[in-house]
1. Here are some conditions: (1) at pLDDT 85 or above; (2) more than 17 Å from T169 (Cβ to Cβ). G47 meets all but one. Which one does it not meet?
2. Just wondering, is there one or more residues in the stretch 342-357 that are of a type outside the set (S, T, N, Q) and either surrounded by fewer than 22 Cβ atoms within 10 Å (Cβ to Cβ) or free of Cβ contacts under 8 Å to residues at least 40 places away in the same chain (or both)?
3. Only residues in the stretch 315-335 that are closer than 16 Å to F270 by Cα count as the first member; pair them with residues that are among the small types (G, A, S) and in a helix (DSSP H, G or I), Cβ under 6 angstrom, at least 6 apart or cross-chain, and list the lot.
4. Give me a count of the residues in the stretch 60-104 that are among the hydrophobic types (A, V, I, L, M, F, W, C) and closer than 19 Å to Y39 by Cα.
5. Given (1) crowded, with 21+ Cβ neighbours inside 10 Å; (2) within 18 Å of the chain's Cα centre (by Cα), identify the lone condition not met by T221.
6. If you go through the stretch 145-164 one residue at a time, do you hit one that is touching a Gly at 6+ places or on another chain (Cβ under 6 Å), farther than 16 Å from R287 by Cβ, in a helix (DSSP H, G or I) and modelled with pLDDT under 90?
7. Do the conditions hold for L83, that is, is it touching a residue at least 40 places away in the same chain (Cβ under 8 Å) and of a type outside the set (K, R)?
8. Report yes if E164 is more than 22 Å from the chain's Cα centre (by Cα), surrounded by 13 or more Cβ atoms within 10 Å (Cβ to Cβ) and under 15 Å from R5 (Cα atoms), otherwise no.
Amino acid sequence: MLRDRKRYLVYGGMFVMMFVSYLDRVNLSVAAGPIAKAYGLNTIAIGYLLSAYLWSYLVLLVPVGILVDRWGARRVTAGSLALWSVGGALTGVVTGFASLLGSRLILGAGEAASYPAGGRVIRDWAPRSERGMAAAWLNGGAYAGPALGAILVGWIVTEIGWRESFLLTGGIGAVIALMWYALYRAPERAGWLGEQERALILAERDSTPAQQRTSARPADTLRVLLRSRTMWGLALTQGCAGYTLYLFMSWLPTYLVTTRGLDVLKSATFTAVPYAAAAVLGLLLGRVSDRILRRGQLARGSRRSIVSGCMLLSSVILLTPFVSATWLILVLFSISLTCVSTAMAMNIALTNDLLSNGEHSGVAVSILIFGGNTFGLVAPIITGYAVAATGTFSVAFAIAGLLLLIGTALVLALTRQPIDPSTTAPASRAGAEAVDVGP
């Protein structure tokens with residue numbers, strides 16, 4: 001019953017947060033054609049614009065992860081949501097390439113907190129046996145955003161204008177930021193949570209209570225995490241999957257327009273199909289992963305088998321150059337994107353499974369997402385150059401498929417040991433008081 005599962009409202013809140021984040025990201029992808037026409041930009045320039053928000057995103061990702069662990073998910077998430085919404089709205093009032101670039105950098109700076117904060121929420125709210133499903137809710141919003149957002153933005157761009165599309169999506173984010181700050185609390189402080197469910201979460205979430213947390217210096221924790229072979233394996237796997245995600249998110253509408261002869265609105269509608277499949281099926285697969293893996297198996301990192309299997313299935317993108325029917329292309333893209341979505345979500349859950357000290361969840365997830373987005377940063381640019389050089393997307397899809405196969409091998413080979421930053425990260429100074437991360 002809902003009264004015993006109010007934590008699902010928090011999972012839903014993560015879904016909404018990521019929905020808004022990716023709605024703002026996909027806006028430029030859908031509006032790329034009209035913007036390129038307005039300012040006379042070629043595919044290479046558009047490729048740089050599509051990746052620009054990742055430049056500031058990556059620079060701030062780990063520092064924001066540290067802030068999430070110190071200040072909690074409530075304040076950091078609300079502030080970052082407000083900032084990226086401002087960046088998105090500013091795209092609607094730009095006057096040229098330079099201001100376009102600047103607005104995307106602001107967007108990326110704000111969005112840097114989305115996954116580290118989401119990973120921390122999962123660690124604080126989700127029992128180990130629900131971690132896969134909670135991660136699927138978090139990641140599901142990242143696919144529902146483009147699924148519904150592509151259609152919404154496509155309609156606004158076609159019927160009203162591309163500037164208005166950015167103003168509207170930015171306004172939506174600002175409202176969600178206020179709602180998150182007003183409603184979200186950690187389970188220890190959530191007055192709307194029943195005592196029975198609170199006790200269940202605190203007993204099974206496998207996390208360190210705020211009053212028992214150490215005062216280890218962030219630099220020490222980060223250093224130890226970066227020495228972990230498992231942490232590197234997780235981050236590189238996320239990167240191999242993230243490349244395909246950003247290929248789709250950045251170039252799928254343009255691919256459908258230029259190679260399939262669709263107009264902006266039709267391409268936006270067709271773009272929504274793979275994302276809708278990924279959002280729905282990803283939630284189902286996340287639930288299945290929790291059901292088929294026992295608690296003892298999860299502690300040993302057996303969720304890696306789900307990650308590797310999904311990465312392998314996602315490599316069907318390699319078949320794209322050999323398929324001509326548009327409906328079959330959408331089937332391939334739906335399979336690939338669903339499996340990429342599930343692999344990336346389960347990789348977040350796997351990171352929390354292998355992390356022995358939940359105090360460092362925000363930093364660990366930020367390193368994981370840094371790996372994913374480092375690859376994602378270059379995906380739009382490499383694709384732009386590949387299309388400009390060859391006139392087709394075949395090379396771009398081949399690169400993505402190869403990375404998916406590499407990621408399959410990496411997660412199986414490099415994630416065999418637990419991550420334990422607490423064993424060697426010293427306290428910042430003797431007698432220092434533990435930091436209360438707040439609500």
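1. All conditions are met except number (1).
2. no
3. Short answer, once both residue conditions are applied: S334/A277.
4. Counting residues in the stretch 60-104 that are among the hydrophobic types (A, V, I, L, M, F, W, C) and closer than 19 Å to Y39 by Cα gives 8.
5. Answer for T221: the failing condition is (2).
6. The answer is no, given that none of the residues of the stretch 145-164 is touching a Gly at 6+ places or on another chain (Cβ under 6 Å), farther than 16 Å from R287 by Cβ, in a helix (DSSP H, G or I) and modelled with pLDDT under 90.
7. no
8. no
The values are calculated or read from the model by the stated rules, or taken from the named source; none is laboratory data. Remember, predicted model here, so these are calculated numbers, not experimental data. When we count neighbours, we look across all protein chains shown, and the Cβ atoms used for this are built from the backbone with ideal geometry, even at glycine.
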